[in-house]
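Working notes, structure below.
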Amino acid sequence: MTKAVILAAGKGTRMGDLTQEIPKPMLSVQGRPILEHIVEGLKEVGIRQFHLITGWRADVIESHFGDGSRFGVQMSYSRQVVQDGTGKAPELAKEFVGQDDFVLTYGDILVKPETYRHMIERWQAGRFDGVLTVTAGEDVTKGGLFFFDDAQFCLTRLVEKPSAAQLETLRAEGWIRPGKPVWYNAGIYLFRPSVFDYTARLEKSPRGEYELTDALSAMIAESKVLAGLQIAGRWVDVRDPEVLASLQA
């Protein structure tokens, strides 16, 4: 595992004025851009080739990292001209990925480097088509709600940004049970290049976007095996100014 694709094209509108001139992944956390923390963490587990999907203020990201040599890695870029969701963005890295397995992460998710190591270990422990990270205790209406089998902790179903009514139905049907964790999509993945077969077939969701989770649903429907991994320790989605401020201590 030597390659990583990082999705860093969004403006981060919830950040308000903070992202007028700087893309959200370049906002500073303890003196360094969020993206730099991600790159350094992946580098710690042996990843040396990076492809960044840029968009809003792409120049800020590309001028900071350059060819990656300053950080001891190789860095290349693609620009997502139209911000139409997370489903099509990874396809811009298809040539970079080639025939290799790769890590895919959003450019605003912070974890400790051991999380990436645990992902690779999980990947190597079985014959999987992907590894998906999850965390408990988050508001699932803001992201993906994942369900796993009891035997291998592999994905059986997902619901993207469920409404309150959908959550009630899931409880009534026994999918969500008292005392059992509710698993939230943590936004870091490991894939074979075959994932592009599924992103290529995506259609826009009711929210008007191409969504990566729809590709995951299609993979499950075709009996692809997507292993889950609970993130142990820190997981931060730097989604708004309050979260950003809390990280500066």
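The values are calculated or read from the model by the stated rules, or taken from the named source; none is laboratory data. Computed from a prediction, not measured in an experiment: that's the story for all the values here. Positions of Cβ are backbone-derived with ideal geometry, glycine not excepted, and every protein chain shown enters the neighbour counts.
Anything in region 127-142 that is farther than 21 Å from residue 179 by Cα and small (Gly, Ala, Ser)? List them, or say none.
130
Only residues in region 138-151 that are on the phi < 0 side of the Ramachandran plot count as the first member; pair them with residues that are acidic (Asp, Glu), Cβ under 6 angstrom, at least 6 apart or cross-chain, and list the lot.
Hits for this filter: 144/160.
Does residue 42 satisfy being part of a helix (DSSP H, G or I), within 20 Å of residue 238 (Cβ to Cβ), among the hydrophobic types (A, V, I, L, M, F, W, C) and at pLDDT 95 or above?
Yes; evaluated as a whole, the condition is true for this residue.
From the list 171, 157, 192, 177, exactly one residue is of a type in the set (Lys, Arg) and within 18 Å of residue 104 (Cα to Cα). Which is it? Walk me through how you get there before you give the answer.
Values: 171 fails: within 18 Å of residue 104 (Cα to Cα); 157 fails: within 18 Å of residue 104 (Cα to Cα); 177 fails: within 18 Å of residue 104 (Cα to Cα).
Among 171, 157, 192, 177, only 192 is of a type in the set (Lys, Arg) and within 18 Å of residue 104 (Cα to Cα).
Restricting attention to region 96-114, which residues are polar (S, T, N, Q) and farther than 16 Å from residue 6 by Cα? Step through it out loud before you land on a result.
Pass one, region 96-114, residues polar (S, T, N, Q): 99, 105.
Once the filter is applied, which keeps residues that are polar (S, T, N, Q) and farther than 16 Å from residue 6 by Cα, region 96-114 yields only 99.
Go through 156, 199 for me and flag whichever is crowded, with 19+ Cβ neighbours inside 10 Å, touching a residue at least 60 places away in the same chain (Cβ under 8 Å) and polar (S, T, N, Q).
On inspection, the qualifying residue turns out to be 199.
Can you report the number of residues in region 49-95 which are closer than 15 Å to residue 5 by Cβ, surrounded by fewer than 17 Cβ atoms within 10 Å (Cβ to Cβ) and in contact with a strand residue (DSSP E or B) (Cβ under 6 Å, 6 or more places away or on another chain)?
Selection size over region 49-95: 3.
Quick check on residue 122: is it closer than 24 Å to residue 38 by Cβ, surrounded by fewer than 20 Cβ atoms within 10 Å (Cβ to Cβ) and of a type outside the set (Gly, Ala, Ser)? Spell out how you get there, then give the answer.
On the way: closer than 24 Å to residue 38 by Cβ: yes; surrounded by fewer than 20 Cβ atoms within 10 Å (Cβ to Cβ): yes; of a type outside the set (Gly, Ala, Ser): yes.
Yes; evaluated as a whole, the condition is true for this residue.
Identify all residues within region 96-119 that are surrounded by fewer than 23 Cβ atoms within 10 Å (Cβ to Cβ), of a type in the set (A, V, I, L, M) and at pLDDT 95 or above; write none if there are none.
97
Within region 171-196, which residues are among the hydrophobic types (A, V, I, L, M, F, W, C) and free of Cβ contacts under 8 Å to residues at least 24 places away in the same chain?
Here is the first cut: in region 171-196, the residues among the hydrophobic types (A, V, I, L, M, F, W, C) are 172, 175-176, 182-183, 186, 188, 190-191, 195-196.
172, 176 - these are the residues of region 171-196 that are among the hydrophobic types (A, V, I, L, M, F, W, C) and free of Cβ contacts under 8 Å to residues at least 24 places away in the same chain.
For (1) surrounded by fewer than 16 Cβ atoms within 10 Å (Cβ to Cβ); (2) at pLDDT 95 or above; (3) among the hydrophobic types (A, V, I, L, M, F, W, C), each residue gets a yes or a no:
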residue	(1), (2), (3)
165	yes, no, yes
168	yes, no, no
177	yes, no, no
181	yes, no, no
204	yes, no, no
235	no, no, yes
249	yes, no, yes
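How many residues does region 168-196 contain that are aliphatic (A, V, I, L, M) and out of contact with any strand residue (DSSP E or B) (no Cβ under 8 Å at 6 or more places or on another chain)? Outline the logic, then answer.
First, pick out the residues of region 168-196 that are aliphatic (A, V, I, L, M): 170, 172, 176, 182, 186, 188, 190, 195.
Add one more test, that the residue is out of contact with any strand residue (DSSP E or B) (no Cβ under 8 Å at 6 or more places or on another chain), and what stays is 172, 176.
So the answer is 2.
Matching residues to (1) basic (Lys, Arg); (2) over 18 Å from the mean Cα position of the chain (by Cα); (3) in a helix (DSSP H, G or I):
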{"residue": "67", "(1), (2), (3)": "no, yes, no"}
{"residue": "82", "(1), (2), (3)": "no, yes, no"}
{"residue": "87", "(1), (2), (3)": "no, no, no"}
{"residue": "90", "(1), (2), (3)": "no, no, yes"}
{"residue": "93", "(1), (2), (3)": "no, no, yes"}
{"residue": "119", "(1), (2), (3)": "no, no, yes"}
{"residue": "123", "(1), (2), (3)": "no, no, yes"}
{"residue": "127", "(1), (2), (3)": "yes, yes, no"}
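Is it the case that some residue within region 72-85 is at pLDDT 95 or above and hydrophobic (A, V, I, L, M, F, W, C)?
yes
Restricting the search to region 189-214, which residues are of a type outside the set (Ser, Thr, Tyr) and more than 19 Å from residue 142 (Cβ to Cβ)? Before you say what the answer is, go through the steps one by one.
Let us first name the residues in region 189-214 that are of a type outside the set (Ser, Thr, Tyr), namely 190-193, 195-197, 200-204, 206-209, 211-212, 214.
The answer is 190, 191, 192, 193, 195, 196, 197, 200, 201, 202, 203, 204.
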